[in-house]
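Remarks on the structure that follows.
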Amino acid sequence: MESLKFHRILLKLSGEALSGDSGNGIDPHRARDIALRVKEVREMGVDVAIVIGAGNLWRGRVGLELGMDRATADYMGMLATVMNALALMDSLEGLGVWTRVQSAIEMRSVAEPYIRRRAIRHLEKGRVVIFGGGTGNPYFSTDTAAALRAMEIGADVLIKATKVDGVYDCDPKKNPNAVKFDELTYIETLNRRLEVMDSTAISLCMENKLPIMVLNLWDNSALRKALTGEPVGTLVHP
């Protein structure tokens, strides 16, 4: 068995990770691709918790531009994250990976209410836990929810899974001369206003010394390399 650097992780996924080429909706094939990657990590003996966004189903800023109340728009986004969580749970269990969805907004018919000690117990029993409903409060992003849940469950690292292989000083798709960072401190990330996570999430990780790793989810070897300590992506740490 490979030597592990991290034994418990919080995987932060964007809602778009579940969508097809259109960037909208839920593509069962994409959900299965993610589930296969999570299954591989679980089989390495790593405890896996997941927070997923809602951008494939609902973007609150669109509602705000049309005059919608901010709290209402945020609650709609939280509900959409539960839909994504259920889709990912179905794909995982289809592969034989026992999974539990916990929601910060109570909806007992489809998900467990979020209870920290129960979530930890699920992880100890080898189950993947997907946290839906954000923090349960408006005005907080799923980035912040991911940082908060990572701290609560005692994760060793918060892994931000994206479509690029790390953090750059500018958009590498627009600028071929963009420079990739192998490591960053929290302060550098905040001062440079790099689009790693929102400032609240980064500050929360900084205060609790939780490392953030940004990597390409669609690189078949990236997650495995990250967990065994091989150089991959960008590491944000003290």
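The values are calculated or read from the model by the stated rules, or taken from the named source; none is laboratory data. Because the structure is predicted, anything quoted here is derived from the model rather than measured. Cβ atoms come from the backbone with ideal geometry, glycine included; neighbour counts cover every protein chain shown.
Residue count for segment 185-201 satisfying the condition of being without any contact (Cβ under 8 Å) to a residue 60 or more places away in the chain, small (Gly, Ala, Ser) and within 11 Å of Val236 (Cβ to Cβ): 0. Here the helices (runs of 4 or more DSSP H) wholly within segment 161-238 that include at least 2 residues being of a type in the set (D, E, K, R) are 186-192, 222-227. Quick one: is Ala111 farther than 13 Å from Lys12 by Cβ, modelled with pLDDT of 95 or more and crowded, with 22+ Cβ neighbours inside 10 Å? When the stated conditions are applied, Ala111 passes them. The residues of segment 87-108 that are surrounded by fewer than 18 Cβ atoms within 10 Å (Cβ to Cβ), closer than 20 Å to Leu57 by Cβ and either in contact with a Phe, Trp or Tyr (Cβ under 8 Å, 6 or more places away or on another chain) or of a type outside the set (Asp, Glu) (or both) amount to a single one, Met107. Residues that are assigned to a loop (DSSP other than H, G, I, E, B) and touching a helix residue (DSSP H, G or I) at 6+ places or on another chain (Cβ under 7 Å) were ranked within segment 109-125; the one that is nearest to Pro231 (Cα to Cα) is Ala111. When Arg108, Arg121, Arg100, Arg116 are checked against the criterion of being touching a His at 6+ places or on another chain (Cβ under 6 Å) and free of Cβ contacts under 8 Å to residues at least 60 places away in the same chain, Arg100 stands alone in meeting it. Asn191 meets the conditions (1) more than 20 Å from Asn56 (Cβ to Cβ); (2) surrounded by 13 or more Cβ atoms within 10 Å (Cβ to Cβ) in every case but one. The failed one is (2).
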